[in-house]
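Heads up: the structure comes next, in C-alpha cells.
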Amino acid sequence: LYVKVLYDSIRSTLWLSTYGSSLFHVQGIGSGQSQWKSFDDTQIPNWDHTPSTFIITSGMMLDQAGNFVVTDWAGDGKGLCVSADGKNFTNYLLDPAGQISWGCVTQDQNGNYWVGTEIGPLEKPDGVGKGVYWLRNSDGAHGVIKGGIEGTLGTQIEGTEFVNAILTDQD
C-alpha cells in the first residue's frame, strides 16, 4: 500500500516512501552501521495542516542536478519536495487550491517538473486526482493540464484525471 523504494547513488542512501508513516532514508546499508532518519511535517507538508508525523509521500526520483525529489499529498498545495543534500527540503507550490494527491513525477530536458495525480482514500468532493501538474524551473510558474470530462488530457472521459505513471521522452 503506497510503499516505494529508491536507491540514491549520489548520497549512497536508500529512500523509503510509506503511506502515512513518513519518508525515511537509510545510510550505511550492509556496513552493520545503518542509520535511519525519518522526515515529518516539519520538512514535508502533510494533508490537513495539523502537527503530525502522518505524511503521505508517493513519487520519487533523482533529477538532472542530482537532487532527491519526492511528491506528497500536501494540503497546502506544495506537493513537490526537492532536497539537494538529503536533509533539507524545498517545497514547491503546484496548486494554490491545496489538497491534491500528487504521485508520479518526471523532469523534462529543460528542468521542468511534471507531476501526475492519483486517487486515494482521502478523496474529496472537489477531486483528488486532476490530471498532470507542471512546475517551470526557470521562474517557478505552475499549472495543470486537466483530465476527466472537462479536461484536455486525452479523451474527455472520467478517469483520465488520475495519472499513475509519467516519463520524459528523451527525443
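Assorted remarks:
- Scanning region 11-61 for residues that are modelled with pLDDT of 80 or more, touching a strand residue (DSSP E or B) at 6+ places or on another chain (Cβ under 7 Å), in a loop (DSSP other than H, G, I, E, B) and within 24 Å of Cys104 (Cβ to Cβ) yields Ile44, Pro45, Ile55.
- Sole residue being outside any loop (DSSP other than H, G, I, E, B), in contact with a His (Cβ under 9 Å, 6 or more places away or on another chain), farther than 19 Å from Ile55 by Cα and at pLDDT 75 or above, chosen from Trp114, Trp134: Trp134
- Residues of region 137-154 satisfying the condition of being part of a loop (DSSP other than H, G, I, E, B), of a type outside the set (A, V, I, L, M, F, W, C) and closer than 16 Å to Gln107 by Cα: Asn137, Ser138, Asp139, Gly140
- Within region 149-171, considering residues that are in contact with a strand residue (DSSP E or B) (Cβ under 7 Å, 6 or more places away or on another chain) and open to solvent by less than 100 Å² (accessible area, probe 1.4 Å), the one modelled with the lowest pLDDT: Gly151
- Pick from region 62-80, criterion modelled with pLDDT under 85 and buried (at least 20 other Cβ atoms within 10 Å of the Cβ), ranking: nearest to Pro96 (Cα to Cα): Ala74
The values are calculated or read from the model by the stated rules, or taken from the named source; none is laboratory data. Quick caveat, the model's predicted, so the values are computed rather than measured. Note: ideal-geometry Cβ built from the backbone for every residue, glycine included; neighbour counts use all protein chains shown. Accessible surface is based on the protein model in full, side chains and every heavy atom, while ligands, DNA and RNA are left aside. Shrake-Rupley method; radii C 1.70, N 1.55, O 1.52, S 1.80 Å.
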